[in-house]
1. Tell me which residues come under 5 Å, amide H to amide H, from Leu286 once H is placed; ignore anything under 5 positions away on its chain.
2. In deg cm²/dmol, rounded to 500, what helix-only [θ] at 222 nm does the chain give when every DSSP H run of at least 4 residues adds -39500 (n - 2.57) and the total is split over its residues?
3. Roughly how many Å² of Arg206 are accessible to a 1.4 Å probe, to the nearest 10?
4. Which FRET efficiency value, to the nearest 0.05, do you get for Thr92 and Ala170 by plugging their Cβ-Cβ distance into 1/(1 + (r/R0)^6) with R0 = 25 Å?
5. How long is the range 196-279 along each principal axis, judged by its Cα atoms, biggest number first, in Å?
6. Of the accessible area of the chain, with the probe set at 1.4 angstrom, what percent is carbon plus sulfur?
7. So for the chain, averaging the separation of alpha carbon pairs under 8 Å that are six or more residues apart and normalising by length, what relative contact order in percent results?
8. Hey, what do the phi angles of the range 76-87 turn into as Karplus ³J(HN,Hα) couplings, whole Hz, using 6.51/-1.76/1.60 and θ = phi - 60°, x for Gly and Pro?
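The values are calculated or read from the model by the stated rules, or taken from the named source; none is laboratory data. The model shown is predicted, which means the values in this text are computed figures rather than measured ones. We place every Cβ from the backbone using ideal geometry, glycine too, and count neighbours over all the protein chains shown. For accessibility, only protein heavy atoms count, side chains too; no ligands or nucleic acids. Shrake-Rupley method; radii C 1.70, N 1.55, O 1.52, S 1.80 Å.
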Amino acid sequence: MTETRPQRQRVVRRALHGVLLLDKPLGLSSNDALQKAKWLLRAEKAGHTGTLDPLATGLLPLCFGAATKFSQVSLDADKAYVAMLKLGQTTTTGDAEGEVLETHEVAVTRELIAAACAKFTGAISQVPPMYSALKHEGKALYDYARQGITIEREARAVTIHGIDIVDWHADALTIAVRCSKGTYIRTLAEDIGRELGCGAHLSALRRTASGAVDVRDAISLDALAAMTEAEREALLRPPDCLLADWPSISLADEDASRFLNGLRRRVAAADAPHVRVYGPAAHALLGSASIAAGELIPGRLLSPQEVSSLLST
């Protein structure tokens, strides 16, 4: 007798627009976390706003529908992290997942640690690590690294806005870092260890902020899974939460319609590289723009359907 398997119920996807602030768990890739959240929300279109390694936890803004048009804003935003360093030990990957290369005695003081952190504050150059998602000839660097191949990488200019010592005991150092996009905290950990003369690797990492959004407002996947569908949907923030630190400008009906069609409009406003643009209805985000010589120049625009959908929610 042939056993019949129960048919899997097909998930009916739907158009959702907004931003979910997810607290990514340890061990999941950013894409795995995105796919789980996308499935729970039955969303048609979604994307994340910057990779967090499986070793890292913390803030991962997920964009749905119209919000995906502004994901680059979050990618380009300054970030904040809390990083744990193990002093006295270097590894093949620069973090706790690699094999130990060297072990050294740790003989440091808080003053020496503060001086080492200060050396890497401000505008600095970093060489991206081999164990990174950067591409070389269409292939991620970590794929080459796993084959024992080293690719020459050019140094990149990044800015470390501040490094604060959160806790330090023996070989365990915890720091809070505020930095520009493209900063590799793993590389920073190795550089600090090298400056201290004992070596170091990154033992844990948590992203606490990205631009205008904060991990304190994020939700875990477990908590999300325990909610009803309506409760999950209610967690979605409007797309303009990613633009919250930009100035805003509002347009009247006729100008709003023309702006949505990609036409420049004359405005009485100061030049600005980035502005949020709204229509006459409350919270009717139309898109992003720049202002130059009194002209509002369209950037990323929502469709009339997306504007209507956001207003209805």
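1. Val277, Tyr278, Gly279
2. Working: 9 runs with 74 residues, N = 313.
When only DSSP H runs of four or more count, the value is -6500 deg cm²/dmol.
3. Surface accessible to solvent at Arg206 totals approximately 80 Å².
4. Calculated transfer efficiency: 0.60.
5. Over the range 196-279, Cα extents along the principal axes are 60, 48, 19 Å.
6. Working: 8190 of 16540 Å².
Here it works out to 50 percent.
7. Numbers: 646 pairs, mean separation 62.7, N = 313.
Reported relative contact order: 20 percent.
8. Those phi angles translate into 7, 6, 5, 10, 9, 9, 10, 10, 9, 10, 9, 7 Hz.
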